[in-house]
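Taking it in order: structure first as structure tokens, then the write-up.
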């Protein structure tokens, strides 16, 4: 059996290719619509692909059996069978079958056109921007809001101007993520910074980056405290950081021990507390965390969240930790191609964003979460379609 793939601009054109190449006895195996060309799936041309087959050397008078779900190019499978002896003039039946096939193809074509309309919620000039935003991880609802603002603010003629559209989107994104809050060292007493969040988001590494930056680069007096006694590796990691950058590290087991460690380093300008990762679904874990924070009374409580976490999970985590947090830190921005997903959370919170991390190198792979920095991650390094 010969199996061939045919591609055309529409169903009718592609079916014509099938008939010319394989003949009227060809069997249609699969039909699909796809985009060809373009950039990142945008601006591609709609195409139709048909996979068809025919026997290499068909036996005269014998047709190849076909499953119920396939059809021949020039005939529609009928529920009854006929033999040659049933009628000596088949021309009328063939004409009827050809007409049925034409009607079937017309219905298929209309159905495919309808699917295309359902996918395109916006004018073509704006749809590509909507696709870009969603490709970056921005939710469908937030994308609708952003593109809707462009549609209302700019005229249809301006939709063709990529620079104007980008500038409008950038301004709207900037409004959502414009609130930042950075750590400031204390003067008459130490500023206490606690890291909280679920397991595996990189709290300990983030503590190390911040401590190294303030102690080595800014020449501030810094101390580290870890209350993450659930993980031996976390304790050892923080001790290693402390030895490298020359700052003291205290390990505490209880809220009372935490208070004593803080009092011990009352001469410092900054004290960073690394807490154990807590499951937002575990009430006891959350109660334990609250007990530590109540004794520490931190000036900054940073909720650390990974940019690789799905939006639904990010929102659930945020809702559980929200009452304890004063700032946000997003980590692992280097590990996702959809870092725009952080905008989904920022659009639903008034907490300022403090820092962004994008790698494992201490103390370098951390940035202040300025609006320009956030926009770069959310919208992309460069303006699309430039």
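The values are calculated or read from the model by the stated rules, or taken from the named source; none is laboratory data. Remember, it's a predicted structure, so these values are computed and weren't measured experimentally. Methodologically, a virtual Cβ is constructed for each residue, glycine included, from the backbone with ideal geometry; neighbour enumeration extends over all protein chains shown.
The helices (runs of 4 or more DSSP H) found wholly in segment 191-282 and carrying at least 3 residues that are under 25 Å from residue 360 (Cβ atoms) occupy 203-212, 232-245.
For segment 221-238, a residue qualifies if it is surrounded by fewer than 19 Cβ atoms within 10 Å (Cβ to Cβ) and either in contact with a helix residue (DSSP H, G or I) (Cβ under 7 Å, 6 or more places away or on another chain) or at pLDDT 90 or above (or both), and the qualifying residues are 221, 229, 237. Taking the criterion of being loosely packed, with under 14 Cβ neighbours inside 10 Å and either at pLDDT below 80 or within 34 Å of the chain's Cα centre (by Cα) (or both), the residues of segment 14-42 that qualify are 24, 30, 32, 34, 35, 36, 37, 38, 39, 40, 41.
For (1) part of a strand (DSSP E or B); (2) buried (at least 22 other Cβ atoms within 10 Å of the Cβ); (3) not assigned by TED's automatic domain parsing to the domain that holds residue 199, each residue gets a yes or a no:
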| position | (1), (2), (3) |
| --- | --- |
| 305 | yes, yes, no |
| 319 | no, no, no |
| 323 | no, no, no |
| 330 | yes, yes, no |
| 340 | no, yes, no |
| 355 | yes, yes, no |
| 360 | no, no, no |
| 363 | no, no, no |
| 375 | no, no, yes |
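Among the residues making up segment 315-332, those that are without any contact (Cβ under 8 Å) to a residue 60 or more places away in the chain and touching a strand residue (DSSP E or B) at 6+ places or on another chain (Cβ under 6 Å) are 328, 330.
Table: residues versus (1) part of a loop (DSSP other than H, G, I, E, B); (2) under 21 Å from the mean Cα position of the chain (by Cα).
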{"residue": "146", "(1), (2)": "no, yes"}
{"residue": "149", "(1), (2)": "no, no"}
{"residue": "155", "(1), (2)": "yes, no"}
{"residue": "163", "(1), (2)": "no, no"}
{"residue": "174", "(1), (2)": "no, yes"}
{"residue": "182", "(1), (2)": "yes, no"}
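Applying the condition of being closer than 22 Å to residue 220 by Cα and surrounded by fewer than 14 Cβ atoms within 10 Å (Cβ to Cβ) to segment 245-300 and asking which residue is modelled with the lowest pLDDT yields 246.
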